[in-house]
Amino acid sequence: MASKAKATNEMKLIFPALSVNESFARTAVGSFIGLLDPRMDELIDIKTAVSEAVTNCIVHAYRDSFGDIELCVKVCSDRMVYIKIKDRGCGIENVEKAMEPLYTTHPEEERSGLGFSVMESFCDDVKVTSKPGSGTIVTLRKKLGIKL
């Protein structure tokens, strides 16, 4: 569900899908939304969800290749935050299955299959669109409360 409020600020970053950039992504998003003075729990929730989404790109999207991650953040006048994480990697064959808790495409590795579940637990809405061979877009939405 889109916010009817106007975007008041937005940013876009493009960076290589390298594990060292996961912390960069979460810190950049945290700093950007910090301008809204979110509560600490809200900040942690968003940073954790971003970390999971970016890690999915690094681990799954470009498994046998290299590529970039595009990160867009938009904040609206009603304190709604939209975060889009996009890759042009291998894509997801079955998004519904991939979003099931404990599902992993690599059970031989130490992967818990909880990435999407974590994102869903920390955000108001998580939308995933993907096309095999073309990449994936994860959109996170979270409404910030009023700082007390």
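Bear in mind these aren't lab numbers, they're just calculated from the coordinates by the rules spelled out. Bear in mind the structure is a predicted one, so any value in this text is a computation, not a measurement. Note that each Cβ is placed from the backbone with ideal geometry, even for glycine, and that neighbours are counted across all protein chains shown.
Descriptive notes on the structure:
- Phi angles of segment 78-88 translate, via the Karplus equation with coefficients 6.51, -1.76, 1.60 and θ = phi - 60°, into HN-Hα couplings of 8, 6, 8, 10, 10, 10, 10, 10, 10, 10, 10 Hz per residue; Gly and Pro are given as x.
- Here Ile14 and Leu36 are evaluated by their C-beta separation; at R0 = 25 Å the FRET efficiency comes out at 0.60.
- Amide H contacts of Lys143 (H built 1.01 Å from N, in plane; Pro and chain starts excluded): Val81, Asp124 sit under 5 Å, all sequence-distant by 5 or more or on other chains.
- About the centre of its Cα atoms, segment 1-97 shows a dipole size close to 300 debye [charges on the beta carbon of Lys, Arg (+1) and Asp, Glu (-1) only; nearest 20 debye].
- Where chymotrypsin sites (Phe, Trp or Tyr not before Pro) fall in DSSP loop in segment 3-77, at most 14 other Cβ within 10 Å: Phe66
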